[in-house]
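In what follows, a single structure is set out as C-alpha cells and then discussed.
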Amino acid sequence: MSTLSAPRKQRTPIRPARVLLHTFLVVTALAWLAPLLWALLAAMRPYAETSDKGYVSWPDKLTFDNFTNAFQQSDMLHYFGNTLLIAVPAVLLTLLLSSMVAFYVSRFDFRVNLFLLLVFTAGNLLPQQVIITPLYRLYLLIDLPGITMSGKLYDSALGLVLIHVAFQSGFCAFVLSNYMRSLPHELTEAALVDGASVWRLYWQIVLPLCKPAMAALATLLSIWIYNDFFWAIVLISTGENMPITSALNNLSGQYFTDPNLVAAGALLTAIPTLIVYFALQRQFVSGLTLGANKG
C-alpha cells in the first residue's frame, strides 16, 4: 500500500544581494554601537588601571564607582531639573505654535500660504553660528526685571526656551502641514456647516487627529533639545543655570581630567533620552507610518 508524502517546500535560494545587504546592516550597526560600548567599558574601569595598561587592554576589574562619583560630583539631579525646566516648555510651545501655523496653511486657501510655510521652514536652513553674535547682543539688551533671576533674557531658562521654539517651529510646521493636508476636507467642511468656529475646528477636530504625528515630533524635539550644547554654552553664563549637557564640564578639573569619569557622566546623561524614546516608541513609529501612507 503506497503512502502519499507531503511535497517538500523549495528553499529560497540565497541571493548575493541579500547577503551583501545584511552584511552592510550588521557592519553599520556595529559601527554605531562601537563608541557606546567603548565608552561603557572605559566608564567601568578605574583610571589607575587604564593609565597603567592603556585603554586597548583586557580589564582586570570592572566597577560602577565611576557612575556613582560622576552622579555625585556633578550634582546631576540639579542639572537634570534645569534641563527639564527648559525642555518641557520648549516642546509644548513648539508643538502648539507650529500646529497653529500648519492648520492655517493646510486648511485654508489663500495666496501666500505656501510662501508663509517656506518662511517658517527657511529658518531651519540658517546656520546657528551665523546669527550667534547679533543674537548674543540682543539677549544682553533685553531687560526682564522680576521675570528672570538674571534680570535679562541672557543667562535665563526663558532665553533658551525661546531660541529652541524659534529654531524648531519651522520643521514641525512643515511636517504637521503635510500631515493635516492628508486629512479629509469633508470633516472640516461639515463642522463649518454646523456652525463650528475656527478655534473649535482646530482644537477639537483637526488637532486630535494629529496625535500620532505630534507624538513623533515630541520624541524628536525632546531628544534634540535635551542634547543641545551650543545654545546652552553661549547663552548661559552662570554654572547653576546650565542644562545637563553643559554641566558635564564640572567633571573636568583645572589641571587634571579623568576620562573614565567623564565617560560615566556622559552615559548617565543619555539615560533620559532613551527613556523618552522607548516610552513613545509605539507612537513615534505609528506617526511616521501614518504620515507616509496617507495622501
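The values are calculated or read from the model by the stated rules, or taken from the named source; none is laboratory data. Everything numeric here is computed off the predicted structure, so don't read it as measured data. Backbone-built Cβ (ideal geometry, glycine too); neighbour counts: all protein chains shown. Accessible surface areas use protein heavy atoms only, side chains included; no ligands, DNA or RNA. Shrake-Rupley method; radii C 1.70, N 1.55, O 1.52, S 1.80 Å.
Is it the case, given these coordinates, that Thr245 is farther than 21 Å from Pro35 by Cα and in contact with an Asp or Glu (Cβ under 7 Å, 6 or more places away or on another chain)? So Thr245 does not fit the description; no.
Within the set Ile147, Ile163, Ile132, the sole residue that is among the aliphatic types (A, V, I, L, M), over 30 Å from Val206 (Cβ atoms) and touching a residue at least 12 places away in the same chain (Cβ under 8 Å) turns out to be Ile132. Which residues, taken from the stretch 63-110, are in a helix (DSSP H, G or I), modelled with pLDDT under 90, closer than 30 Å to Val175 by Cβ and open to solvent by 60 Å² or more (accessible area, probe 1.4 Å)? Answer for the stretch 63-110, where residues must be in a helix (DSSP H, G or I), modelled with pLDDT under 90, closer than 30 Å to Val175 by Cβ and open to solvent by 60 Å² or more (accessible area, probe 1.4 Å): just Tyr104.
Considering (1) part of a helix (DSSP H, G or I); (2) out of contact with any Lys or Arg (no Cβ under 7 Å at 6 or more places or on another chain); (3) more than 19 Å from Ala39 (Cα to Cα), the lone condition that Tyr255 does not fulfil carries the number (1). Identify all residues within the stretch 254-267 that are open to solvent by 30 Å² or more (accessible area, probe 1.4 Å) and under 11 Å from Ser74 (Cβ atoms); write none if there are none. Within the stretch 254-267, Val262, Ala266 qualify. With respect to the conditions (1) at pLDDT below 90; (2) exposed (fewer than 14 other Cβ atoms within 10 Å of the Cβ), Pro208 lacks only one, and its number is (1). Is it true that some residue in the stretch 141-152 is in a helix (DSSP H, G or I), open to solvent by 30 Å² or more (accessible area, probe 1.4 Å) and not acidic (Asp, Glu)? Yes, the stretch 141-152 contains at least one residue that is in a helix (DSSP H, G or I), open to solvent by 30 Å² or more (accessible area, probe 1.4 Å) and not acidic (Asp, Glu).
Taken as a whole, the condition of being surrounded by 14 or more Cβ atoms within 10 Å (Cβ to Cβ), of a type in the set (Phe, Trp, Tyr) and at pLDDT 85 or above does not apply to Trp199. Looking across the stretch 233-246, the residues that are closer than 13 Å to Tyr139 by Cα and open to solvent by less than 50 Å² (accessible area, probe 1.4 Å) come down to Val234, Leu235, Ile236. Taken as a whole, the condition of being in contact with a Gly (Cβ under 8 Å, 6 or more places away or on another chain) and at pLDDT below 90 does not apply to Met1.
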